[in-house]
Amino acid sequence: MKQVLKEHDTGAALCRTCRKQTKTTYLYRDFSLTTPKLRVRRVLVGVCDVCQRTLTVPWQSNERIQATVRAARARTETSGRIEARVPSDLYERLRLIAARLEARDEAFAHVMLRFYLSQLSRSAKFAGRVRRLSVVREGSRASQRVSLRVSGKLYDQALKQAQAQGVTDQSALVRGLISAAYEDVFTDCSPQRRAVLECLADATN
Ligand SMILES: [Zn+2]
């Protein structure tokens, strides 16, 4: 296993400002990149003891920087947005789920819907259930808007799976997802998923 450095650990590196090998101390600094333009907060870097220039970026910090870059790229280049209109009774169900799980409703609804999209992208059986539940009752007007940003990968996989099951529009998809979540929380049909939802609710509070 690679060594994990911590704040105030020391090392040595060649400093171009001091033009010699100098001692370094590992400290937290914000790290800025130009392409893509982003800032990673509090990254552990090796700083020259003489001139305070950042000389080394240890592997653990590099991992964080790379992950931040990947996440930023995924957001800007390939993110997808699910836009749906749902009847007001489903919107109320979404709020009821959050209330039952004692979660903050807005933030939790987004995390939960992403989780259900991910379940759907992994299981044709689950996607079939979402399709059955997406059927709208006669006379219910789609008055509420639900907008959800998801990663490009999840967006592509989930929409492909949904389409394979005959769910062709995003409003139907979201109706099915909300209904499935409501069933999972208010009946005992999937204790595993219900347990995951409870964890997600705790994590978003
Ligand atoms: Zn220096």
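Throughout, read-outs are computed from the coordinates displayed, never taken from laboratory work. Predicted, not measured: the structure shown is a model, and the values here were computed from it. All Cβ positions, glycine included, derive from the backbone under ideal geometry; neighbour counts span all protein chains shown.
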Item to check | Calculated SAXS-style log₁₀ I(q)/I(0) at q = 0.10, 0.12 Å⁻¹ - the chain, Debye, Cα scatterers | outcome: -0.60, -0.73
Item to check | Along principal axes, Cα extents of segment 10-77, largest first, whole Å | outcome: 42, 19, 15
Checklist outcome for this item: Among GluC sites (Glu not before Pro) in segment 1-102, those in a DSSP loop whose Cβ has at most 13 other Cβ atoms within 10 Å are E7, E102
Checklist entry - Between Q192 and A107, what FRET efficiency comes out of the Förster formula 1/(1 + (r/R0)^6) with R0 = 30 Å and r the beta carbon distance, rounded to 0.05? => result 0.85
Next on the checklist: For the pair A124/R81, report the inter-label distance in nm, with labels modelled 7 Å from Cα in the Cβ direction.
Outcome noted: 3.3 nm
Item to check | segment 32-92-segment 126-205 distance, computed between alpha-carbon centres (Å) | outcome: 28 Å
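Exposed loop sites here are trypsin sites (Lys or Arg not before Pro) in DSSP loop states with at most 13 other C-beta atoms within 10 Å. What is the longest stretch of the chain lacking them?
On the way: sites that count: K2, K6, R16, R19, K37, R104, R137, R141.
After excluding every exposed loop site, the longest remaining stretch is 38-103.
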Checklist entry - How large is the dipole of segment 1-117 about the Cα centre if only Lys and Arg carry +1 and Asp and Glu carry -1, each at its Cβ, rounded to the nearest 20 debye? => result 600 debye
Checklist entry - If the cut-off is a Cα-Cα distance under 16 Å, which aspartates and glutamates reach K23, setting aside same-chain residues fewer than 8 apart in sequence? => result E7, D9, D49
Checklist outcome for this item: Residue ranges of DSSP H helices in the chain that stretch 30 Å or more (Cα, own long axis) and have mean Kyte-Doolittle hydropathy of at least 0.0 are none
Checklist entry - Which is farthest toward the positive dipole end of segment 80-204 among S147, F186, S121, measuring Cα position about the Cα centre, with Cβ charges +1 (Lys, Arg) and -1 (Asp, Glu)? => result S121
Item to check | Selection of GluC sites (Glu not before Pro), segment 104-205, meeting DSSP coil and at most 14 other Cβ within 10 Å | outcome: E138
Checklist entry - Quick one: putting +1 on the C-beta of Lys and Arg, -1 on the C-beta of Asp and Glu, what dipole do you get for the chain around its Cα centre, in Debye to the nearest 20? => result 860 debye
